Amino acid sequence: MPEVESLLLGGTANRGLVVRVGDTVRRPLRSSGPAVHALLQHLERVGFSAGSSGAPNFLGVDEQGREVLSYLPGETVTAPYPAWSMTDEALDSVAHLLKRYHEAVRGFAGDDLPWAEPVPAAYAEGLVSHNDPNLDNIVFRDGVAVALIDFDLAGPGSALWDVATAIRLWAPLRPDPDIGDPRRGRTLTRLRRFADAYDLTEPDRLRLVDAAAENHVWCMDYVRRGAESGHPWFHQRWTTGEAELTTRTNHWFSTHRTALQEALLR
């Protein structure tokens, strides 16, 4: 019997190309594949990818040239966002998962591997960060974050850069009128809560707002370049409001910097 392939939803770069086959996931193999596979194998060795939690295991390459990963059961957060995903408890669990990942990845030497997208030099501090802990890149079970997936943008970075990425997306850090879910009006509270749940140090709290603002520029530049290269999903995203939202959010960071910093330190 031929293997049954079920399309997995979510994502942008690989939308429509990621499938589940039994207890495995098949994804397009990228030029950064050897680096990501080495990272996943490290996470498995140190016990972060234990059972069906932490991160997927790299299982090889199939006859169609796709990477094969273990399937992690659970839910990812895609629009319309379920109520449980917007709770403070879910937010805390994301911070705790990210902290565990950073503890697991310390000691992994990845400087000479072919990573996909370099982060700004100021935030490359000797740790391979995930770089894309978006809502649909975290697996939940019973409302608790249990695993990171989609390591395509992983590479030499820092814990601070990952926290900035996560907090920008999960707080979220953007103008209130552009938040169309229960998080509206709670940006400062959720910003502080995530930093506390992660147990972020005071020196990193002092750098976090600027890191989040730079992360937004970095991420949106990646989307813009994807759109300009003709990638259909990046083009759709960029031309149906993302460009305008980027401009509004950049301005919002500049005008709310003091309030954001005060929320982190008081």
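Most mobile of His251, His130, His42 per a Gaussian network model of the chain (Cα springs, under 10 Å)? So, out of His251, His130, His42, the one fluctuating most is His251. Of all the Cα-Cα pairs you can form in region 200-266, what percent are over 16 Å apart? The share of Cα pairs beyond 16 Å in region 200-266 comes to 52 percent. Between the beta carbons of Leu265 and Asp62, assuming R0 = 51 Å, the FRET efficiency works out to 0.55 to the nearest 0.05.
In order along region 213-226, the Karplus-derived 3J(HN,Hα) couplings, from 6.51 cos²θ - 1.76 cosθ + 1.60 at θ = phi - 60°, round to 5, 5, 5, 4, 4, 4, 5, 5, 5, 4, 5, 4, 5, x Hz, and Gly and Pro are given as x.
Taking the C-alpha atoms only, the angle from helix 159-170 to the longest principal axis of the chain is near 80 degrees.
Between the C-alpha center of region 91-151 and that of region 160-227 there is a gap of 15 Å.
Kindly work out what percent of the DSSP beta bridges joining two residues of the chain are antiparallel, to the nearest 5. Before the final figure, lay out the partial values.
Numbers: 21 of 22 bridges.
Roughly 95 percent of the DSSP beta bridges within the chain come out antiparallel.
An oblate overall shape is assigned to region 1-140, the ratio a/c of its alpha-carbon gyration tensor axes (a ≥ b ≥ c) being 1.5 or greater and a/b not exceeding b/c. Modelling each spin label as a point 7 Å along the Cα-to-Cβ direction, I'd like the Val21/Ala122 distance in nm, to one decimal. Distance between label points: 4.5 nm.
Restricting the calculation to Cα atoms, every distinct pair contributes to the Kirkwood radius of the chain, found to be 19.0 Å. With a simple spin-label model that places each label point 7 Å from the Cα along the Cα-to-Cβ direction, the separation between Glu202 and Val144 comes to 3.3 nm. Taking all Cα pairs closer than 8 Å and separated by 6 or more residues, the relative contact order of region 101-229 comes to 23 percent. Sorting 170-181, 133-144 by average packing, meaning the other beta carbons within 10 Å per residue, from highest down gives 133-144, 170-181. Under a model in which nothing but the beta-carbon of Lys, Arg (+1) and Asp, Glu (-1) is charged, the chain shows a dipole of about 500 debye around its Cα centre. The relative contact order of the chain comes to 17 percent, based on Cα pairs under 8 Å that sit 6 or more residues apart. Normalised size of region 7-50, defined as Cα radius of gyration per 2.2 N^0.38 Å with N residues, equals 1.32. Please report the net charge: other residues with Cβ closer than 11 Å to the Cβ of Tyr71, K and R +1, D and E -1. Local net charge: +1.
Scanning residues 5 or more positions from Glu125 or on other chains, those with amide H under 5 Å from its amide H are Gly157, Ser158, with H placed 1.01 Å from N in the peptide plane.
Given an 8 Å cut-off on Cα distances and at least 6 residues of separation, report the relative contact order of region 6-70 as a percent. Could the numbers behind the result be given before it?
On the way: 81 pairs, mean separation 18.0, N = 65.
After rounding, I find 28 percent.
Net charge of the neighbourhood of Asp221, taken over other residues with C-beta under 13 Å away and scored Lys/Arg +1, Asp/Glu -1, is -2.
Given a Förster radius of 41 Å and the C-beta distance between Thr87 and Gln41 as r, what FRET efficiency does 1/(1 + (r/R0)^6) yield to the nearest 0.05?
So, using R0 = 41 Å, E works out to roughly 0.75.
Counting charges near Asn57 (Lys, Arg +1; Asp, Glu -1) among other residues having Cβ under 12 Å from its Cβ returns a value of -2. Using the Karplus relation 6.51 cos²θ - 1.76 cosθ + 1.60 with θ = phi - 60°, the per-residue 3J(HN,Hα) values for region 22-27 come to x, 9, 10, 10, 10, 10 Hz, with x marking Gly and Pro.
Throughout, read-outs are computed from the coordinates displayed, never taken from laboratory work. Nothing here was measured: the structure is a model prediction, and the numbers come from that model. Every residue, glycine as well, gets a Cβ built from its backbone with ideal geometry; the counts of neighbours run over all protein chains shown.
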